[in-house]
1. Might you check whether a residue that is modelled with pLDDT under 90, assigned to a strand (DSSP E or B), outside the structural domain of residue 141 (by TED's automatic domain parsing) and in contact with a helix residue (DSSP H, G or I) (Cβ under 9 Å, 6 or more places away or on another chain) occurs anywhere in segment 62-82?
2. Would you pick out the residues in segment 20-42 that are in contact with a helix residue (DSSP H, G or I) (Cβ under 9 Å, 6 or more places away or on another chain) and over 15 Å from residue 141 (Cα atoms)?
3. Tally time: how many residues in segment 95-116 are under 16 Å from the mean Cα position of the chain (by Cα) and in a helix (DSSP H, G or I)?
4. Search segment 75-94 for residues being in contact (Cβ under 8 Å) with a residue 12 or more places away in the chain and over 24 Å from the mean Cα position of the chain (by Cα), and hand back the single one that is surrounded by the most Cβ atoms within 10 Å (Cβ to Cβ).
5. Go through segment 1-51 residue by residue and tally those that are in a helix (DSSP H, G or I) and either more than 26 Å from residue 91 (Cβ to Cβ) or modelled with pLDDT of 75 or more (or both).
6. Looking for something in a strand (DSSP E or B) and at pLDDT 95 or above - is there at least one such residue anywhere in segment 117-136?
C-alpha cells in the first residue's frame, strides 16, 4: 500500500517535465511554453544563471527546492539540478480572447481563475466553459495549475477549443478588461443571489479556490459580488461546480430571458 501511494504521488510530479540544462535551455530559446522551473538549492553556476535570467525575462516562475525533493521528482535520475514543467497546449493572449468574441459578434464572456491549483478543477472548468460558450479563461502565472496532461484529460478535449491566457498580474488585467467595457463579477459567499444579478452584457467572472476563495485584492477590483444560494448543511461548492452553475446562469440570462 505504501509503495502504491508513493507511485501515485510521484506520478503527479512526472507529467510533462523536461530535465537537464541543455534540454531546458533549448526549450527556452525555441519559445516552448514552460509553466515553472525548479532549480536545486546550492546550484549557482553559469549555465543555470543563464537559464534563470532567460526564464525571468519571459515571466516564468523559478523555484529553488532541496536536493532530495528534486531527486524524488526526477524521471531520468540525471536532472543536472534543474527540472521544468512544460505545457501541453499553447497559452493565448487576453487580446486573442477579446478578438474571438468580436469575431463572433458577441459580448465578451470570460472566466478569471484566482489561484485554482487543482488540475482536475481546472480541467472541469475548461470543459464547462467550452460547453457554455465562454470565449476564454484567464489564470495567473503564479499559484495556478497549468495546462498539463491531467487538465487536458479532465477537460474531455475542451482545452483544444477554449483559449487560456496566463497573466503576470490579475489585478491589472482586470483593470484592462474594465477599460474594454467588461463588468467584473466576483463569485463569493458574501454576494447577492446570482439569480437576481444582471449578468448580461460583456462580463468576466472571477472564481477563487475552494480553501480561501477570491483574494481580497482581486475582490476589491470587482464591480459586484454574486453568490450561489445554499439550501443544505454545507456552506460551499466545489470550484468547478460553482463555476459551471454561474456560467449557465449567464447563458440563461443571455439567451432565454
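1. Among the residues of segment 62-82, not one is modelled with pLDDT under 90, assigned to a strand (DSSP E or B), outside the structural domain of residue 141 (by TED's automatic domain parsing) and in contact with a helix residue (DSSP H, G or I) (Cβ under 9 Å, 6 or more places away or on another chain), which makes the answer no.
2. 21, 22, 24, 25, 28, 29, 32, 39, 40, 41, 42
3. Adding up the residues that qualify gives 1.
4. Filtering segment 75-94 for residues that are in contact (Cβ under 8 Å) with a residue 12 or more places away in the chain and over 24 Å from the mean Cα position of the chain (by Cα), the one surrounded by the most Cβ atoms within 10 Å (Cβ to Cβ) comes out as 79.
5. Matching residues across segment 1-51 total 24.
6. Checking segment 117-136: at least one residue is in a strand (DSSP E or B) and at pLDDT 95 or above.
Results for (1) outside the structural domain of residue 144 (by TED's automatic domain parsing); (2) touching a helix residue (DSSP H, G or I) at 6+ places or on another chain (Cβ under 9 Å); (3) part of a strand (DSSP E or B), shown as yes or no for each residue.
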position	(1), (2), (3)
186	no, yes, yes
192	no, no, yes
200	no, yes, no
205	no, yes, yes
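The values are calculated or read from the model by the stated rules, or taken from the named source; none is laboratory data. Remember, it's a predicted structure, so these values are computed and weren't measured experimentally. Here Cβ is always computed from backbone atoms with ideal geometry, including for glycine, and neighbour counts include all displayed protein chains.
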